[in-house]
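Just so it is clear, none of the values below were taken in a lab; they were calculated from the coordinates. Fair warning: this is a prediction, and the values are worked out from it, not measured in the lab. Using ideal geometry, Cβ is built from the backbone for each residue, glycine included, and neighbour counts are taken over all protein chains shown.
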Amino acid sequence: MTYTTAAFLGVLAALALDLWVLRTRLVRRVVFWATYPIIFGFQLISNGILTGRNIVRYDPDAIIGWRLVHAPVEDLLFGFALVLSTLSLWVTLGRRGIQRHPAAGEGRSLWKWIRRNDG
């Protein structure tokens, strides 16, 4: 399987997860598309650094060959799939009430417990 095929399958899987499995339907919301350019911009910066400095290299036979800021276009597809899947899971868990506790700032109770039980 080429990198291109894997990238397209990743996008299809993320869309299926969002639209039909978890039914979060983020890709149908304006707020998703209004904020995605921010993520896209930072992805271009990080991919440009990693591929432009030859930290990450790609087999030319496994990619289409189109590059944007040194990175293959397939990286942008994988990034989209990763962000969409993560946000879909986050929204689903939030709807189910998961991750409401511990609330922000409750980490101090751990230090209090350590101090009380420390010798």
Seminar exercise, completed: To the nearest 10 degrees, the tilt of helix 73-95 (Cα long axis) against the first principal axis of the alpha carbons of the chain is 30
For this session: Go ahead and estimate [θ] at 222 nm for the chain from helices alone: -39,500 (n - 2.57) per DSSP H run with n ≥ 4, summed, over the residue count, rounded to 500.
Result: -19500 deg cm²/dmol
Exercise. Rounded to the nearest 0.05, what FRET efficiency is calculated for S46 and V21 with R0 set to 30 Å and r the Cβ-Cβ distance?
Worked result: 0.60
Problem set entry | Around A62: net Lys/Arg minus Asp/Glu count, Cβ-Cβ under 13 Å | -3
Seminar exercise, completed: Here the net charge surrounding R29, from other residues whose Cβ is less than 15 Å away from its Cβ (Lys, Arg +1; Asp, Glu -1), is +3
Exercise. Can you give the longest stretch of the chain with no exposed loop site, where a site means trypsin sites (Lys or Arg not before Pro) in a DSSP loop (not H, G, I, E or B) with at most 12 other C-beta atoms within 10 Å?
Worked result: 58-95
Exercise. Which one, (i) 44, 35, 25; (ii) 61, 37, 29; (iii) 49, 30, 24, gives Cα extents along the principal axes in Å as derived from the coordinates shown?
Worked result: (ii)
Exercise. With springs only between Cα atoms under 10 Å, which of T35, T24, T92 fluctuates most in a Gaussian network model of the chain?
Worked result: T35
